[in-house]
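Please read the structure below before turning to the comments.
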Amino acid sequence: MTVRSTVQKIILLTLLCLLTGAAESVLAQSSIPGWIEPQNLSVSGAASQPRIVTGDGDRVQVFWWDVFDGMMTSVSEGQPVSPEAGFDWSPPQKTPIQSLGLTGMPTIVADRAGWVHAFWLEENTFNKGTYNLMHSRLTFGKAEWSFPQILAEAALSFKVGTAPSGEISLAYVRQSHTPEQPAGIYVMRNAGGDSEWRAARLVYESIYFRLLERDQVWLWIWDAGGDQIFLTWDDPHLGLAFFSTSSDAGASWSEPEQVGKAEERAVRPRVAALPDGEVLRIWQASIHSRCTLFMQRAAVSTMGENDEEPTEDTLQWSQPERVLEGLAACPAGDAFHLMDTQLLWVWGEGTGRLELSAWEDSQKQWSIPHEMSFNFQSPSSQEQVILNDLRASFLNERIVVAGADSSKNEVWFTSARSDVLELVYSPPSPWSSTYPLSLPGEKAGQPAVAVDDSGIAHIVWTKSRDNDDAAVNMMYAHWDGNELTPPVTILRSGDTAYARQPVLLADRQNRLHLVWVGGLDGKIYHSYVIAQDARSSSSWTSPQVVGDLTLTSSPQVGVDAAGRLYILFVVPLNEQRGLYLAVSEDGGRNWSEPRLIFNAREHGWQMVDHPALIVEPGGIVHIAWVNVSIPGATTPPQGIFYSRSVDQGKTWSSPLIVVGPGYDHPRLAIASGQVHLLFADAQKNLWHRWIPYGDLALQGDLWSVATRIPGWQEVDLPFAVAVDGIIPNGTLHLLGGKGTAEDRPLYAYWDGSRWSSLEWFSFVSRPASLYGAAAAVRLEGGMLAAAWLAPYRNDDPALVLNFISRAIPEIQLPVTGQLVVEVASTPTATPTVEPSPTPEPTQAPTPTPDLNRQPLPAARLGLPPLALGGGLAALIVFAGLITHHKRRR
């Protein structure tokens with residue numbers, strides 16, 4: 001083996017190791033883990049409202065609505081030969097139902113006799129305001145529906161149940177009231193296939209049903225097959241829930257039995273039966289603010305009370321017990337499915353997230369719900385797809401899903417690769433559900449997040465009133481790991497004042513400190529509160545102005561172990577432009593006059609902005625800031641600068657340019673024995689440099705080579721960083737989002753030597769971009785809390801504030817500040833741009849404090865950005881040329 005070939009192999013092996021992480025991130029984003037590649041069934045740009053059914057012989061049929069052609073369908077006649085392969089689908093074809101009153105998708109179910117049934121409500125042309133319950137059917141896999149049949153008149157709502165043996169039961173609410181057909185709940189049954197429907201039977205009569213609206217109706221029916229049917233419903237007039245059963249195929253029904261305790265106001269009862277005869281009924285206790293579910297179990301018994309002689313089949317119910325505790329919201333759009341002997345509960349149909357739970361018969365409990373959402377890149381257009389209006393069915397032992405991409409108006413299909421029980425018991429997502437904190441149409445502003453010592457996450461944000469941008473309230477909510485409190489207003493702005501750019505800090509005395517830019521003159525304000533009283537606006541201290549400077553921006557807040565508070569902010573423009581620091585020695589009751597710690601005017605800067613701050617427990621303060629161009633200028637930012645103070649902000653090291661022109665949005669953090677600087681380039685790619693913790697020399701060559709963080713391209717700004725653990729040995733967490741291409745929130749952490757693989761989580765039903773992300777972690781770790789702004793819809797400029805949390809991963813971190821450098825591909829250095837002349841100030845000049853500071857060293861001002869990475873870039877190019885030449889030979 002020659003020396004040259006050995007060198008080639010070493011170079012290529014090194015490059016492979018360096019690039020593996022980035023390659024894995026790209027591959028992980030091209031599909032949905034655990035699911036086959038989604039398939040576009042409609043291919044029309046005009047599709048919505050998918051429905052999916054499965055049949056014998058591994059067949060799947062999907063229906064949807066086309067705005068031009070009406071109802072459409074496509075059929076797959078069998079599962080693929082391997083879990084990785086896609087299904088074979090017939091071309092889309094029209095499947096119209098001969099009904100002038102059908103303007104959207106009906107309810108569609110399949111029986112076990114090879115037929116598909118459609119049900120819908122259609123207005124009675126002879127009796128306006130009432131609706132007929134309609135039915136049509138077709139042979140599975142075909143497109144020709146039978147002529148519609150009226151099953152019932154004056155129907156308000158209905159529910160369909162299908163039995164494993166093929167029967168279909170139909171419950172409906174009749175709204176009209178006559179002596180022959182009183183208002184109430186009726187049930188009718190069909191043996192399946194092309195059988196005739198049996199006459200409807202009245203189960204529950206109430207003249208008050210004439211007054212109901214459709215959204216007030218709750219019906220649930222379970223057809224166990226043979227002659228057994230179970231029915232539950234709500235009576236809104238009585239405020240009670242009821243249960244009844246039939247053991248003769250619906251010909252007669254047991255006396256309605258109240259479900260749950262009256263004082264708990266049971267609503268939305270559900271019922272299902274297992275093949276062994278055990279029956280489960282579940283209901284919601286509406287008196288509780290959070291979702292509270294109760295369940296009873298019963299088995300059919302033929303013994304009478306007190307061990308008397310056998311009478312008739314009765315159900316002996318167990319005592320009610322809580323189930324599925326901790327759900328953020330009660331199941332909706334749900335159904336039970338019996339797969340062989342396994343009972344499955346799926347909810348979320350019609351939304352962008354499905355949840356799946358299995359009944360564990362041996363443990364007599366439901367499994368932890370498994371969440372499913374579908375966010376992927378279209379194989380053909382390479383555009384991001386987020387599926388909504390999800391519908392699920394089961395094919396043998398796998399779950400299959402159809403969903404609609406509302407932005408492109410296409411219907412997609414996918415299937416889990418593994419069987420359903422493997423899916424149910426796969427590790428749950430560490431992320432909580434996503435919670436909207438503001439309402440659509442509200443003008444939510446930049447959020448701030450802090451986590452106190454008890455693990456409570458506190459969220460503050462601004463909200464415009466009455467669509468008036470010049471009048472903004474400060475809103476507050478908190479999350480205790482299980483429940484998110486409703487938003488409350490903690491600061492009401494006056495008619496001529498408004499608040500913006502809030503930052504929030506939790507200190508070790510269990511106080512929350514809120515700092516913001518307020519008023520039309522743009523001064524810095526501060527208020528604080530005991531954390532447990534934060535929901536009370538009267539408990540916050542009166543807003544205090546910190547100094548007399550106006551037209552300020554971008555406040556940052558920090559605290560040291562002695563409780564000393566620091567506020568860093570900028571005056572971006574005019575004669576007072578520069579970087580300022582205010583300090584409070586008494587926990588925020590009094591503040592020093594802000595001191596000018598960097599005079600941007602003296603250094604010839606046009607504008608200064610985007611400061612970053614981190615404070616060590618001992619009072620060492622680290623700051624970074626940006627030399628930016630005036631608004632409207634075409635020149636890029638002229639560099640990111642860094643300085644530190646070892647005496648609680650009294651004196652400062654000479655500013656060091658750590659990143660050259662073209663870079664912006666710095667974030668500072670101390671973690672894993674290192675001081676970290678994260679920042680973005682003009683293409684919104686995220687970069688990273690660090691220096692060993694405890695180094696006070698500030699030599700430029702001790703900073704690591706600037707590296708691009710793998711997978712973090714086109715990131716929405718600002719991104720968020722958070723650190724858990726005692727300085728300097730915590731973990732650095734990074735949260736952001738891709739709004740231009742990926743439309744997905746992202747997460748990664750730094751383990752002391754490299755970034756973790758990219759982890760993304762779905763923001764369901766709406767775009768996932770993280771505009772203005774903020775995040776925080778409790779000092780002792782445990783939970784990462786994050787809030788961000790996102791569009792409510794792609795075509796809606798209004799931003800909605802959202803919240804999510806996750807458990808902190810367990811990471812082995814180095815205890816010392818051992819510097820381990822991992823280098824990624826580095827861009828070509830950007831030439832230094834000479835600063836433009838400073839525009840004349842528009843305000844009357846004011847005295848500039850004399851800080852006895854030396855000007856920036858000229859050599860450091862001219863330092864090329866990311867120069868240390870140039871050698872690696874050349875090495876990569878050289879290795880590629882050698883390999884290419886060798887292959888050509």
Pairwise label distance in nanometres, HIS237 with ARG265, each label 7 Å out on the Cα-Cβ vector: 2.0 nm
Starting from one equal scatterer on each C-alpha and no solvent at all, send me the Debye-based log10 I(q)/I(0) for the stretch 487-526 at q = 0.33 Å⁻¹, two decimals. -1.13
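Pop the C-beta distance of LYS364 and ASP215 into the FRET formula with R0 = 41 Å and round what comes out to the nearest 0.05. Write out the running numbers ahead of the final one.
Values: r = 34 Å, r/R0 = 0.82.
Efficiency at R0 = 41 Å is approximately 0.75.
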Mean projected area in nm² (Cα convex hull; one quarter of hull surface) for the stretch 499-547: 3.5 nm²
Note, the stretch 329-346: 3J(HN,Hα) by Karplus (6.51, -1.76, 1.60, θ = phi - 60°), whole Hz, Gly/Pro = x, goes 8, 5, x, 9, x, 10, 7, 8, 10, 9, 10, 6, 9, 9, 8, 10, 10, 10
Gained length - GLU325 relative to HIS288, 0.36 nm times residue gap less alpha-carbon distance: 12.1 nm
For the stretch 85-147, what is the relative contact order in percent, using Cα pairs closer than 8 Å and at least 6 residues apart in sequence? 32 percent
Under 19 Å from a point 7 Å along the Cα-to-Cβ line of VAL43: which residues of the stretch 391-407 have their amide N that close? 402-405
So the pair-distance distribution of the stretch 151-244, from every Cα-Cα distance in 10 Å bins, comes to percents of 17, 50, 27, 6
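Once the Cα gyration tensor of the stretch 37-166 is diagonalised, what are the square roots of 5 times its eigenvalues, in whole Å and ordered largest first, as equivalent ellipsoid semi-axes? Could the numbers behind the result be given before it?
Values: eigenvalues 163, 64, 25 Å².
Taking √(5λ) for each Cα gyration eigenvalue gives 29, 18, 11 Å.
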Tell me, in nm to one decimal, what length is gained between THR314 and ARG754 on full extension, where the rule is 0.36 nm per residue of separation less the Cα-Cα distance? 152.0 nm
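Could you check how many percent of all C-alpha pairs in the stretch 102-211 are farther apart than 24 Å? Each step should come with its number before you reach the end.
Values: 1495 of 5995 pairs.
In whole percent, the long-distance tail amounts to 25.
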Please give the per residue volume of the convex hull enclosing the alpha carbon atoms of the stretch 539-663, rounded to a whole number of Å³. 116 Å³
Before I look further, what does the stretch 317-403 give for accessible area per residue, probe 1.4 Å, in whole square angstrom? 39 Å²
With a Förster radius of 60 Å, plug the Cβ-Cβ distance of ALA299 and LEU520 into 1/(1 + (r/R0)^6) and report the FRET value to the nearest 0.05. 0.25
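Distance cut-off 30 Å, Cα to Cα: go down the list LYS128/LYS261; LYS94/LYS408; LYS463/LYS523 and report the pairs above it.
Values: LYS128/LYS261 40 Å; LYS94/LYS408 20 Å; LYS463/LYS523 19 Å.
The pairs that break the limit, which is 30 Å between Cα atoms, are LYS128/LYS261.
Rounded to two decimal places and with Rh computed the Kirkwood way over Cα pairs, what is Rg over Rh for the stretch 589-668?
Numbers: Rg = 13.6 Å, Rh = 13.6 Å.
My calculation puts Rg/Rh at 1.00.
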Can you pull out the chymotrypsin sites (Phe, Trp or Tyr not before Pro) in the stretch 394-459 that DSSP calls coil and that have at most 16 other Cβ atoms within 10 Å? TYR425
LYS650 to GLU602: FRET efficiency via 1/(1 + (r/R0)^6), r the Cβ-Cβ distance, R0 25 Å, to the nearest 0.05? 0.80
Output for the stretch 42-140: trypsin sites (Lys or Arg not before Pro) sitting in coil per DSSP, at most 10 other Cβ within 10 Å, listed by number, reads LYS128
What are the residues whose amide H is under 5 Å from the amide H of TYR204, where those residues sit 5 or more places off or on another chain and H is modelled from the backbone? ILE185
Could you pull the Cα extents of the stretch 599-738 along its three principal axes, largest to smallest, in whole Å? 42, 39, 23
Expressed in nm to one decimal, what extension gain is obtained for the pair TYR425 and ARG508 from 0.36 nm per residue of sequence separation less their Cα-Cα distance? 25.9 nm
Expressed in whole Å with the largest first, what are the equivalent ellipsoid semi-axes of the stretch 528-579 derived from the C-alpha gyration tensor as the square root of 5 times each eigenvalue? 27, 15, 8
So how exposed is TRP115, as accessible area in Å² (1.4 Å probe, rounded to 10)? 60 Å²
Karplus-derived 3J(HN,Hα) from phi for the stretch 643-657 (6.51 cos²θ - 1.76 cosθ + 1.60, θ = phi - 60°), whole Hz, x at Gly and Pro, runs 8, 9, 10, 9, 10, 6, x, 7, 10, 9, 5, 4, x, 10, 7
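The values are calculated or read from the model by the stated rules, or taken from the named source; none is laboratory data. What you are looking at is a predicted structure, and each value in this text was computed from that prediction instead of being measured. Cβ: placed from backbone, ideal geometry, glycine included. Neighbour counts: every protein chain shown. Quick note on the areas: whole protein, heavy atoms, side chains included, nothing else; ligands and nucleic acids left out. Shrake-Rupley method; radii C 1.70, N 1.55, O 1.52, S 1.80 Å.
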